[in-house]
Amino acid sequence: MLMQGFAGFMWLLSMALILFSGFALIDAATRREDAYRAADKQTKPFWLIVLALAFVVNLIFNILSFLPIIGLIATIVYMVDVRPALRTLPGGGRSGRGRGSSSDGPYGPYNGGR
């Protein structure tokens, strides 16, 4: 009975790690490439590779192995250091145009020459 409870807890912990690394991977993929350079962090491909490896390792290996722990550390570094730096940039570092006003130009809002 005790071992069954422990196995259930480890399964839940493993699922939480998979979801956490998956969220970080999706978040990193939706940020603009230039936002990483503007925040003075590593490049977007670097973080996508690191977080994808963390996600795959969490899928394949048991949580008691050392590889998922390394993946967890990489995911925590992204979530605690890189993501907040990207979010402080204008537009939150997100890709896509739908965030600004229709009168926004390439250098900010157009004020009609005022």
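Brief remarks follow.
- Checked against (1) within 15 Å of the chain's Cα centre (by Cα); (2) open to solvent by 30 Å² or more (accessible area, probe 1.4 Å), residue 18 passes all but a single condition, namely (2).
- Complete set of residues in region 11-37 that are among the aliphatic types (A, V, I, L, M), touching a Gly at 6+ places or on another chain (Cβ under 8 Å) and either under 19 Å from residue 91 (Cα atoms) or outside any helix (DSSP H, G or I) (or both): 35
- Matching entry among 53, 72, 13, 2 (being open to solvent by less than 60 Å² (accessible area, probe 1.4 Å) and free of Cβ contacts under 8 Å to residues at least 60 places away in the same chain): 72
The values are calculated or read from the model by the stated rules, or taken from the named source; none is laboratory data. This is a predicted model, so every value here is computed, not measured. As a convention, Cβ positions derive from the backbone with ideal geometry for all residues, glycine included, and neighbour counts pool all protein chains shown. These accessible areas exclude ligands, DNA and RNA; they are computed on the full protein's heavy atoms, side chains included. Shrake-Rupley method; radii C 1.70, N 1.55, O 1.52, S 1.80 Å.
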